[in-house]
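Every number here is computed from the coordinates shown, using simple stated rules; none is lab data. Being a predicted model, the structure only gives us computed values, none of them experimental. Note that each Cβ is placed from the backbone with ideal geometry, even for glycine, and that neighbours are counted across all protein chains shown.
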Amino acid sequence: MISKMTYGEYSRSYITDLPANLDSVEAHNYQKTIPLFPEEAVYIYSFKLNKMIYASGWEELLGYRDDEINMLTITSITTPEYAAFSNELNDKALMFIQSKTEDLEKYSFTIELNKLHKNGTKVPLISRVGVLSAENGKIDEIIGRSQINRSIKFGKVMRYAAFGPDKSEFEEELNKVLFHYCAISIKEKEALELVSKGYSYKEIADQFNVTQSAIEKRILPLYKRFDVKSLAHLIRFAYENHILP
């Protein structure tokens with residue numbers, strides 16, 4: 001049943017438009033314990049309570065008061081060119097993490113994208129979502145951090161990363177479902193950067209302490225994904241779309 005859902009439908013079935021009560025005991029506790037960096041906003045969402053339970057920094061970041069912002073707003077204000085990818089990434093990442101029962105607090109993922117400020121302007125963000133707490137093998141609370149990064153140069157390619165005890169499995173699972181998008185993972189980007197510097201697949205494999213086949217699996221699928229015909233074409237595409245510096 002889950003696999004038939006459209007992008008965003010799975011994760012949205014778990015969230016509401018209820019903002020945080022910033023006068024609550026939980027909110028005051030998180031305010032004391034969760035640091036906030038410049039040009040950054042944070043939220044904590046409870047799946048147990050089905051609502052946001054803490055938010056801070058959103059008015060400065062995107063123009064929404066902390067007692068106004070909610071999860072549906074956060075997911076809906078991604079700019080159109082990134083919305084489908086972002087929603088599906090959220091879906092598949094949440095599905096993967098929920099399939100695990102141990103060390104859930106160690107899983108997280110990041111994505112670079114534009115969000116729409118309340119005034120309609122685009123804001124370049126690096127957003128990270130992770131499990132803050134879990135109970136009986138199920139996610140209780142997630143924490144999201146979004147920070148402005150004006151150095152991001154957006155091209156046609158969306159960048160993301162997965163973290164956790166089963167990082168390789170997590171990233172491979174995301175790659176499967178996101179293959180039809182023009183996207184690249186951190187592992188793929190790292191391998192591509194070394195290829196662009198003239199390293200062989202074997203040399204790269206030795207550096208990452210993996211097999212040569214593992215490196216090939218990071219590079220070769222990019223040909224089809226980015227519709228390029230050669231390694232030189234792939235490297236040129238990577239520079240033109242700001243994948244490589």
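Numerical summary
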quantity	calculated
Globularity index of segment 151-227, i.e. its alpha-carbon radius of gyration over 2.2 N^0.38 Å	1.09
Count of lysine pairs in segment 38-150 with Cα separation under 29 Å (8 or more residues apart, or interchain)	22
Segment 98-245, relative contact order [Cα under 8 Å, separation at least 6], %	18 percent
Backbone HN-Hα couplings from phi across segment 93-108 [Karplus 6.51/-1.76/1.60, Hz, Gly and Pro as x]	5, 5, 4, 5, 5, 5, 7, 9, 10, 10, 6, 4, 5, 8, 9, 7
Distant-in-sequence amide H partners of residue 107 (H built 1.01 Å from N, under 5 Å)	131
Extension gain, residue 208 back to residue 73 (0.36 nm per residue minus Cα-Cα distance, nm)	44.6 nm
Stretch gain in nm, segment residue 81-residue 220, where the contour uses 0.36 nm per residue and the Cα spacing is subtracted	47.5 nm
Antiparallel %, DSSP beta bridges [both residues in the chain], to 5	90 percent
Neighbour net charge for residue 228 - beta-carbon separation under 13 angstrom, K R +1, D E -1	+3
At R0 = 30 Å, FRET efficiency that the Cβ-Cβ distance of residue 26 and residue 103 yields, to 0.05	0.80
Cα-centre dipole for segment 153-245 with unit charges at Cβ (Lys and Arg positive, Asp and Glu negative), debye to 20	380 debye
Residue-span extension gain [residue 156 to residue 168] - 0.36 nm each, minus C-alpha spacing	1.9 nm
Tail fraction, Cα-Cα pairs, segment 186-240, threshold 12 Å, whole percent	62 percent
For segment 13-51 and segment 104-124, distance of Cα centres in Å	16 Å
Read-out semi-axes √(5λ) of the Cα gyration tensor in Å, derived from the coordinates shown; its label in [x] 39, 19, 16; [y] 27, 23, 20; [z] 33, 20, 16	[z]
Label zone at residue 119, where the point sits 7 Å out along the Cα-to-Cβ direction: segment 54-68 residues whose backbone N lies under 15 Å	59-65
FRET efficiency for residue 60 and residue 176, using Cβ-Cβ distance with R0 set to 51 Å, rounded to 0.05	0.85
